[in-house]
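One structure is given here, and the rest of the page talks about it.
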C-alpha cells in the first residue's frame, strides 16, 4: 500500500483545508464558551476541549464509516396532514439539537449583555461566574462533535476514490489531527482578540446565532421536513458567508463612526471649556 502518493497528498491537503473552513464556526463557539470558565483556566479548557474532541472525532470517523447507513436511514416519522411532515434520521436529529442549542446559547448571552443588572436574578449571575472548567470542556467537546458530522461525512465523500480502506482511514485521521492542532492555535488567537476587543463579542454572538439558524435549516432538510406544505431547504453556504460578511462590515463601519462621533464630542467639550475659561478671565 502506497500511502504518500501525490494523489493522496493532494487529498490530505484538501481534507485539512476542509476541516479548517468548516470548523470556523466551531472555533468561534469555543472562544466564547471558554470565557465561562475561571479566567486562569480558560487556556487549559480550550486545549483540553479541542484535544478530547480530536480523539472523539477519530472514533466518530470509524463509527460513521462502519454504520453510515444507520445514520442516514429514517428512525422516526411525523405526519400531521398539511401542517408538519418529517422523516428523522440520527444525522438530522443531531444537527437539529445542535442548532437549537447554539440558538439558545447565543440568545442567552446576548440577553445577558443588554439586560439591566437590576432586573436579573442575582443567583443567575453567581451561577454564571461559578461555571466549572469540566462543564465548559464537556460543552466544547459535545458541540465539536455536532459540528464534526458534516465535515467527517464530507471527508468520507472526498476520499471515496482513494484505494484501500486503511489508506482512507489514515488520510482522514491525519487530517483530523492536523486541523485540530491548527484550531487549537487559532483558538488562542481568537480568544485573545475578543478579550482585547470586547465590542466584537456582540458580533461573534450574532454570527453564532446565524450558525444556529443554518444548522436548523440543514437538519430540517436532512429530515425532509415540511412546514405548512413548504419544504425546509438548507441555507446556502454562499448566503451564509454573505450574511457574515455584511455583519462584519456593518460592525466595522459602526465602530469607526462611533469613534468619530466621540472625537467630535470631545472636541466640542474642549472648545466649550476653553470658552468658559476665556469668559472667566
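Read the figures in this text as sums done on the coordinates, not as results from a lab. Note that the structure is predicted; figures quoted are calculated from it, not measured. Ideal geometry is used to build each Cβ from the backbone, glycine not excepted, and the neighbour counts take in all protein chains shown.
Assorted remarks:
- Cα long-axis angle, helix 237-280 against the chain (0 to 90 degrees, to the nearest 10): 10
- Extension gain, residue 269 back to residue 169 (0.36 nm per residue minus Cα-Cα distance, nm): 29.3 nm
- Residue 188 paired with residue 113, simple spin-label distance in nm, labels 7 Å along Cα-to-beta-carbon: 2.6
- Ranked by the mean number of other Cβ atoms within 10 Å of their residues, highest first, the peptides 264-272, 173-181 fall in the order 173-181, 264-272.
- With Cα atoms, 0 to 90° folded angle of helix 42-66 axis to the chain main axis: 20
- The chain: angle of helix 165-196 to the longest principal axis, Cα-based, in degrees nearest 10: 10
- Protection proxy ranking, peptides 141-149, 53-61, average beta carbon neighbours within 10 Å, highest first: 141-149, 53-61
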